[in-house]
Amino acid sequence: MTKEEKTIQESTPKAITKYTAELIGTMVLVLMGCGSAVIAGSTIGNLGVAFAFGLSVIAMVYAFGNISGCHINPAITISMFVAGKINVRDTVSYIAVQCIGATIGAGILYIIATGIPSYSIAYNGLGQNSYSTTGTGFGLIPALIAEIALTFVFILAIHGATQKQSPKGFAGIAIGLTLTLVHLIGIPLTGTSVNPARSLGPALIIGIFDSTTALSQLWLFWAAPIIGGILAALVWKIFK
């Protein structure tokens with residue numbers, strides 16, 4: 001066995017572990033975050049939902065941060081790639097498993113929600129993101145700008161919290177609270193994406209069982225967070 005083959009063989013279990021961590025982490029984020037909106041939203045309100053997303057990230061950062069970095073968000077992964085912190089193979093693999101994990105999380109949420117007698121996927125949804133196409137709500141351009149700006153703030157904070165000079169052990173708290181912050185602003189606007197995988201999972205399940213509206217609007221909740229993440233990486237590279 002050559003040295004290169006040995007290196008590949010030794011790195012494979014580590015890679016699988018990282019990808020599994022990203023899958024589970026994204027699944028938990030969607031299940032708990034979107035689940036709080038669908039199942040308990042009327043009780044806990046937007047503030048509670050915002051904290052549910054933030055607390056989910058805090059939990060997963062401390063569970064998987066030392067394994068995969070706990071991106072659980074394609075926009076973060078792409079931003080890390082632009083910043084030179086992750087290679088191409090891991091970038092592609094992370095995004096793939098994040099999307100799978102988000103879809104599994106949304107599927108589990110749907111199964112749980114159907115056990116509630118009053119639940120209707122057409123009325124209650126799955127915490128999917130959306131913008132108005134009628135001109136009477138929060139429209140396409142404002143939604144695009146909002147998602148870019150909120151993602152930029154969120155991921156810029158991640159770059160800062162995870163730098164070597166930051167206090168050790170506090171990154172998860174800073175990241176989770178920043179996600180809570182952007183949700184407090186974004187929930188009334190678009191439901192807050194700042195995470196393409198988080199938007200994809202509910203949209204796919206909704207598309208299967210009810211409306212295709214979430215799928216038709218999904219492009220914005222991929223494009224805007226990715227743009228925001230890239231801008232965050234470029235700005236961070238200036239100030240680091």
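Observations on the structure shown:
- Cα gyration tensor category, rounded, prolate or oblate, for region 42-165 with a/c compared to 1.5: prolate
- Mean sequence separation of contacting Cα pairs (under 8 Å, at least six apart), scaled by the length of region 1-153, corresponds to a relative contact order of 29 percent.
- When Rg and the Kirkwood Rh are both derived from Cα coordinates, the Rg/Rh ratio for region 116-163 amounts to 1.19.
- Sorting Trp222, Trp236 on solvent-accessible area from highest to lowest, probe radius 1.4 Å, gives Trp222, Trp236.
- Tyr119 contributes about 40 Å² of solvent-accessible surface, heavy atoms of the protein only, 1.4 Å probe.
- Dipole magnitude of the chain about its Cα centre (Cβ charges: Lys, Arg +1; Asp, Glu -1), debye to nearest 20: 640
- Between Ala197, Ala224, Ala171, the GNM of the chain built on Cα springs shorter than 10 angstrom shows Ala171 fluctuating the most.
- Calculated diffusion of the chain, Stokes-Einstein form, Kirkwood radius summed over Cα pairs, 25 °C and 0.890 mPa s, µm²/s: 136
- Compared with the dominant Cα axis of the chain, that is its longest principal axis, helix 171-190 is turned about 30°.
The values are calculated or read from the model by the stated rules, or taken from the named source; none is laboratory data. Bear in mind the structure is a predicted one, so any value in this text is a computation, not a measurement. Reconstructed Cβ throughout: ideal geometry from the backbone, glycine too, with neighbour counts over all protein chains shown. In case anyone asks, the SASA skips ligands and DNA or RNA and just uses the protein heavy atoms, side chains included. Shrake-Rupley method; radii C 1.70, N 1.55, O 1.52, S 1.80 Å.
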